[in-house]
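What follows is one structure encoded as structure tokens, with my remarks underneath.
The values are calculated or read from the model by the stated rules, or taken from the named source; none is laboratory data. Note that this is a predicted model, so its numbers are computed, not measured. Here the Cβ is made from the backbone with ideal geometry for all residues, glycine too, and neighbour counts use every protein chain on show. When the accessible area is computed, the model is the full protein with side chains, heavy atoms only, and any ligands, DNA or RNA have been set aside. Shrake-Rupley method; radii C 1.70, N 1.55, O 1.52, S 1.80 Å.
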Amino acid sequence: NSYSKPRAFVACIGAFSRERLHNMQREEVPNEVEEWGGALLLPQEYERWEVHKFGGASLADAALYQTCGNLLIEAARTSNGKKVSIPTMAVVSAAFGMTDELIKIVRTAEQGDLEGAVKLLGVTCDKVLSIAKGCGVSEGSLEQISKNLEQDKSDLSAVLCAIRIMKSVPDTAMELVTGMGEVWSAQTMCAYLQKKGFPAVWMDCRTTLYVEDGGTHGLGEKGASNMLVRPMMGKTAEAMRKWWLDVALEKGWVEVEFVEGKEGPPNVNFVAAAEKVEPMVIVTGFVATTPSGVPTTLKR
């Protein structure tokens, strides 16, 4: 229990089973995990990060996105009836049934019906936009989500066209398409929290969570163990640090101090704010990247 912080960062990505994390003792945790757990540290005056996970059944419609978002806000600001400021990370799955819909789209293209596949893709994207609208996100956020969806729809249509021509589905293509549900879900939750006044950001784990290339292929059977997916802790920690520094600088949470004559990177100091702001990071579950930058998943 005293080592909950690094465990939380591993658990949030889903690289280990819940049972193994629960039973893991301090001395059993690799040094790389401790390095990873320190990637998003804040000053000592802040509480430790708390990590939450919402599965697809918890995100079936706009009302449930709002419910989960409100739970995050409450958890970040209150503890045992007291007002607190707790940095919070939430890992979100795709909306309920979304992954199965994306698999159906891929299989439709594989069967030679490109028109049908693209039509189904349009319906799915409309569903994502409808959920965002139902959450009452700001006009600016809705415009950005719509723009992203149009780009994703264009990119995925090209993939579906290739699948129709090949009459088969490469593993990389299946994982690329089916991982989009988590990407859309993270954007939606982030936009809702921003609308509620939180400086929320979302993390696309296709750029930060590195897993070894090889060993397992395809999505795997739903509900099967994902222990064969091996995360690359050191490389992931490096990517997460870079991501966090970029975001924290943009949000004004840190400042960089260049020291004359000092070799190596500049000092990074956290800005002392009159009123602490609870960082809120929404993380895409399920998706990851290989060392060569190929989008992949943590399997089903």
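Amide H contacts under 5 Å for SER79: VAL84, restricted to partners 5 or more places along the chain or on a different chain, H placed in the peptide plane at 1.01 Å from N. Between the alpha-carbon centres of the stretch 65-93 and the stretch 157-171 there is a gap of 41 Å. Phi-derived couplings, Karplus 6.51 cos²θ - 1.76 cosθ + 1.60 at θ = phi - 60°, listed residue by residue for the stretch 58-75: 7, 10, 7, 7, 4, 4, 6, 4, 5, 4, 5, x, 5, 4, 5, 4, 4, 5 Hz, with x used for Gly and Pro.
The packing ranking of peptides 230-239, 81-90, highest mean first, is 230-239, 81-90, where packing means the average number of other beta carbon atoms within 10 angstrom of each residue.
Taking amide hydrogens as placed 1.01 Å from N in the peptide plane, the amide H of LYS53 sits under 5 Å from those of VAL91, each at least 5 positions away in sequence or on another chain. Normalising the average separation of contacting C-alpha pairs (under 8 angstrom, six or more residues apart) by the number of residues puts the relative contact order of the stretch 61-144 at 30 percent. Entry comment: accessible area of the stretch 42-159 is 51 Å² per residue, from protein heavy atoms only and a probe of 1.4 Å.
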